[in-house]
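The values are calculated or read from the model by the stated rules, or taken from the named source; none is laboratory data. Small disclaimer: the values here were computed from a predicted structure and weren't measured. For neighbour counting, all protein chains shown are included, and Cβ atoms are generated from backbone atoms with ideal geometry for every residue, glycine included.
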Amino acid sequence: MSRKVIILGGGVAGMQAAIALNDLGTESILVEKEPELGGRVKNYDKIFPFFQSGKELVKDLEKRVRGAHLVEIKLGTTVTHVEGQPPHFQVRLDTGNYEISAGAIVVATGFEPFDASLQEEYGYGIYQNVITATELESLLDPEGPTNGELRRPSDGKIAQRIAIVFCVGSRNEKLGHNYCSRICCSFSTKQAIEIKKKYPDARIVCFYIDIRTYGRGFEEMYRQAQEAGVNYIRGRVAECGVLPNGDITIRVEDTFLGKPMQGVFDLVSLSHGMTPCLDAPKIATMLGIRLAEDGFFDCMDKELYANDATEDGIFLAGAAIGMKPIPDCIADSNAVAARVAAFFAKMPKETE
Amino acid sequence: MLPQDEYMTRQTKIYNAEARENTWRRYIKEIPDDGYFLLPSCVLAVGYPGAEVMQPRLLDILDLDWNWNLKPEAMCTCCSGIAYHGDVSTIESTLLTTARLWSLAQEAGYETIAVSCVTSFGIHSECFDLYHEEPGLKQKMDKLLMEACGRKFELPRYIIHVSDVIYKHRLRLRDEFMTYQLVDKDSGRPLRGVDHVGCHYNKLFPLERSLGGGEYCEVLSGLVKAWAGKEIDYPERRHCCGMGFRQCMLTPNRGFTAACVNKKMVSMEPFEPDFILTNCPGCEVYLDKEQWAIKELNGKEYFIPVLTYMELAGLLLGWDPYDIVGIQFHTVPVEPLLDKIGIPYDESKAWLGKDGQTLSWIDEILRATPAAGAARMGETIS
């Protein structure tokens, strides 16, 4: 039996899983389809709730994973075929005509941002000054296309009136996404604070259904935003429109006042939810494991074995099993390393 | 600020027309090529007779198979939508009414119901869907229809709106029959069209029955673009005209209708539209008439011509604006639009009787019916 572990996905969850396995003395191969490690976090200038640098976090993890002597990294590589029963998996990659023996597989394939153009009433993709939270993150990045200045796409004007629409593509039965994406409230609140810090006179209005800032330090960050002057209005935005000068109109009901209202903004950011990674169905078929109703990978037992896939020897970490903030992804990866160690430990000696 | 002509019509830094095209294409619906059984509206021809009278003429030039049953003995009725939405009749009565109309179509050998009213479109669609939602409903209605009038019926294969038909044949109309295009004859500027799709066309069954979906419905803007005009998107594009049966039928609520139209006018005015295009009889009435009311109320004269898709087609086909299209029935004068396109007209022939007879009493009638005549005659009613 091989005690090597194949890890699918080189984002923060995948890297941490490799590091944790290395610490336990277990060999792993970290397979990442992109040419560099870091997944989506490598693009985040600041992460919530403590405004640390996402890029620095990735650099730190990468340094540690590259220094781990039991980890082999394969970039620009995809797993194409898996056969055999645990702990005798035979894994084929698209970069070599050979098979790798593996005792376990870790799926850490992350998420895909919701395609905001599918929530058509907001005109994303059509109205150029309606952008996503991911695009706003890029605008706020000093190394980004506007050198960190909040210049709107249509005319490069500094945006002073900013609307942030929460729950775009989340908690939406019509779109088939009933789940809460969990991180978007905090992600967008963090961005609102960043804008206020840079542009104290900016008027920022967040339109929300509920604010779900549940993690350690999250609620404090939400309070910080309100104290900085960010307005929160409870009401789901009905639609966006565009004016001849590129300004965006918003129609919404303030459900506390029980009144419809309209507003005009320079820029609208859609706090989009997340969906399972696009390859999830393909990977599930290849590994013979199930997806849950929400499209993320299903667990052996949602209470007791949340990091075990529906088949033995296959484990799940990070956003592959549903959205979660970075600290939870890291905790997931450590848990997975422990589950892999336990799995190997209970293998009968004759199988080795 | 960009020049007006650049709004909404190509990919700009404000508006991505290509993305808008990709959005509506998510919702393509099947419109049969031929074989339409027409069910007229109960109000369209009252307010704008040309809009409905032109239907047979237009389908005939396209050499399409169509029929309707207007024989008095057939008793082709209204869909009873006004009663249904006004809460004065039951759903069973409405189901019975539509079942009877479907039986008339089937008797004539047609599987496609083509209605010219958007309320009717919603009513027929809702009834059709109910048969798929409620087990046993068909058997119940079979029995009731037989008891009521001795008829049998089956569910039609298609329920469409006549604007779907015109959309289906829009390019053929343009290429083979149209004399004019939606272009300013002097400057060559494409004319800017605001579409106003009736709520019961694209909001009741936005995914299944609205061509282009609920948000970026294409059934009218597709005509504007096909006929060389430019589509205008504006913030209150999807806002209801305010008709609503509870408003238009109850006098104390009528201010709501004017307010809704005013809201739309305020929103669309900065985009300088040349005309408004509708596919709903109610929207046509209220967008047209309330512009006069708004002028009376606050002095603001928008006077953006409002046309049905059928009237627009008729004008571009070169049909007589008064004798066939019937623009004299509009409150907001359509003649300025004709001037832009270069369509000739003779205002002295606007109100002729049968066989070109002069009607001596017409001025008196126009003066006595403010909404129909005041704006046209440039007068304010005191």
Margin query: Looking only at region B:307-345, how many residues end up being under 27 Å from B:Lys168 (Cβ atoms), in a loop (DSSP other than H, G, I, E, B) and of a type in the set (Val, Ile, Thr)?
Written below: 2
Check: Has region A:47-55 got any residue that is within 30 Å of A:Ser101 (Cβ to Cβ) and not aromatic (Phe, Trp, Tyr)?
Finding: no
Next item on the list: Go over the candidates A:Ile250, A:Ile289 one by one and state the one that is crowded, with 19+ Cβ neighbours inside 10 Å, farther than 29 Å from A:Tyr208 by Cα and touching a strand residue (DSSP E or B) at 6+ places or on another chain (Cβ under 6 Å).
Entry: A:Ile289
Next item on the list: Can you confirm whether region B:24-31 contains a residue that is surrounded by 17 or more Cβ atoms within 10 Å (Cβ to Cβ), outside any loop (DSSP other than H, G, I, E, B) and within 14 Å of chain A (Cβ to nearest Cβ)?
Entry: yes
Next item on the list: Look at region B:253-275 and say how many of its residues are within 13 Å of chain A (Cβ to nearest Cβ), closer than 21 Å to B:Val334 by Cα and out of contact with any Phe, Trp or Tyr (no Cβ under 7 Å at 6 or more places or on another chain).
Entry: 5
Checklist line | Selection within region B:156-200 - surrounded by fewer than 15 Cβ atoms within 10 Å (Cβ to Cβ) and either of a type in the set (A, V, I, L, M) or touching a Ser or Thr at 6+ places or on another chain (Cβ under 9 Å) (or both) | finding: B:Arg157, B:Leu171
Next item on the list: Take region A:4-40 and flag every residue that is more than 23 Å from A:Thr80 (Cβ to Cβ), assigned to a loop (DSSP other than H, G, I, E, B) and out of contact with any helix residue (DSSP H, G or I) (no Cβ under 6 Å at 6 or more places or on another chain).
Entry: A:Gly25, A:Thr26, A:Arg40
Notebook entry, point to check: Of all residues in region A:210-245 being of a type in the set (S, T, N, Q) and away from every other protein chain (no Cβ under 14 Å), which is nearest to A:His272 (Cα to Cα)?
Noted result: A:Thr213
Check: Does region B:258-287 hold any residues that are assigned to a helix (DSSP H, G or I), surrounded by 21 or more Cβ atoms within 10 Å (Cβ to Cβ) and touching an Asp or Glu at 6+ places or on another chain (Cβ under 6 Å), and which are they?
Finding: B:Ala258, B:Val261, B:Lys264
Checklist line | Hits in region A:138-182 (condition: part of a loop (DSSP other than H, G, I, E, B), within 29 Å of A:Asp294 (Cα to Cα) and not polar (S, T, N, Q)) | finding: A:Gly169, A:Arg171, A:Glu173, A:Lys174, A:Leu175, A:Gly176, A:Tyr179, A:Cys180, A:Arg182
Margin query: I'm told B:Met243 meets every condition in (1) away from chain A (no Cβ under 11 Å); (2) part of a loop (DSSP other than H, G, I, E, B); (3) under 22 Å from A:Glu121 (Cα atoms); (4) touching a Cys at 6+ places or on another chain (Cβ under 9 Å) except one. Can you identify the failing condition by its number?
Written below: (3)
Check: Hey, any hits in region A:41-59 for a residue that's in a strand (DSSP E or B) and either among the hydrophobic types (A, V, I, L, M, F, W, C) or not assigned by TED's automatic domain parsing to the domain that holds A:Ala18 (or both)?
Finding: yes
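Matching residues to (1) in contact with a Gly (Cβ under 8 Å, 6 or more places away or on another chain); (2) of a type in the set (A, V, I, L, M, F, W, C); (3) without any contact (Cβ under 8 Å) to a residue 12 or more places away in the chain:
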position	(1), (2), (3)
A:Gly229	no, no, no
A:Ala238	no, yes, no
A:Gly241	yes, no, no
A:Leu278	no, yes, no
A:Met286	no, yes, no
A:Asp294	yes, no, no
A:Tyr305	no, no, no
A:Asp308	no, no, no
Item checked: Lone unmet requirement of (1) touching a residue at least 40 places away in the same chain (Cβ under 8 Å); (2) closer than 20 Å to B:Gly193 by Cα; (3) surrounded by fewer than 24 Cβ atoms within 10 Å (Cβ to Cβ); (4) away from chain A (no Cβ under 11 Å) for B:Glu218 -> (3)
Check: Which one of these is crowded, with 16+ Cβ neighbours inside 10 Å and under 24 Å from A:Leu243 (Cβ atoms): A:Thr189, A:Thr146, A:Thr134?
Finding: A:Thr146
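Residues are listed down the side, and each one gets a yes or a no for (1) surrounded by fewer than 16 Cβ atoms within 10 Å (Cβ to Cβ); (2) away from chain A (no Cβ under 14 Å); (3) touching a residue at least 40 places away in the same chain (Cβ under 8 Å):
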site	(1), (2), (3)
B:Glu21	yes, no, no
B:Asp34	yes, yes, no
B:Gly47	no, yes, yes
B:Pro56	yes, yes, no
B:Leu62	no, yes, yes
B:Pro72	yes, yes, no
B:Ile82	no, yes, yes
B:Ile91	yes, yes, no
B:Tyr110	no, yes, yes
Check: For residues in region B:325-349 being more than 21 Å from the chain's Cα centre (by Cα) and closer than 17 Å to B:Met54 by Cβ, which is surrounded by the fewest Cβ atoms within 10 Å (Cβ to Cβ)?
Finding: B:Tyr345
Notebook entry, point to check: Would a scan of region B:229-237 turn up a residue that is buried (at least 21 other Cβ atoms within 10 Å of the Cβ), in a strand (DSSP E or B), within 14 Å of another protein chain (Cβ to nearest Cβ) and of a type outside the set (Lys, Arg)?
Noted result: yes
